[in-house]
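Accompanying notes for the structure given below.
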Amino acid sequence: SLDFLNSFSLQSLSPRVQVGITPQFPLINDLKKVASTSLWIGAQNCGTDLKGAFTGEVSPELLNELQADYV
């Protein structure tokens with residue numbers, strides 16, 4: 001469930017503070033849709049090959065398609 005985002009407030013932080021989270025891969029797309037633009041959404045890791053399917057890895061190309069902010 002993405003309910004925790006409703007109680008997650010960035011408004012009390014200094015504008016110089018950048019906050020990001022790295023959810024499990026299947027949640028990246030959903031979080032990018034509902035998260036505030038001031039909350040960075042990243043990936044926990046990515047594979048070493050630019051694209052392709054590899055067990056347990058996510059390609060940088062796919063993370064780029066999901067608009068992950070960082071890895």
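The values are calculated or read from the model by the stated rules, or taken from the named source; none is laboratory data. On a predicted model such as this, the values are computed, not experimentally measured, just so you know. Here the Cβ is made from the backbone with ideal geometry for all residues, glycine too, and neighbour counts use every protein chain on show. The protein model used for the area step is the full one, side chains on, heavy atoms only, and it has no ligands, DNA or RNA in it. Shrake-Rupley method; radii C 1.70, N 1.55, O 1.52, S 1.80 Å.
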Margin query: Name the single residue that is nearest to residue 69 (Cα to Cα) among those in the stretch 26-59 being hydrophobic (A, V, I, L, M, F, W, C) and open to solvent by 80 Å² or more (accessible area, probe 1.4 Å).
Written below: 40
Item checked: Answer residue from the stretch 10-22, given it is part of a loop (DSSP other than H, G, I, E, B) and not hydroxyl-bearing (Ser, Thr, Tyr) and is most open to solvent (accessible area, probe 1.4 Å) among those -> 16
Item checked: Pick from the stretch 23-47, criterion touching a strand residue (DSSP E or B) at 6+ places or on another chain (Cβ under 8 Å) and assigned to a loop (DSSP other than H, G, I, E, B), ranking: modelled with the highest pLDDT -> 42
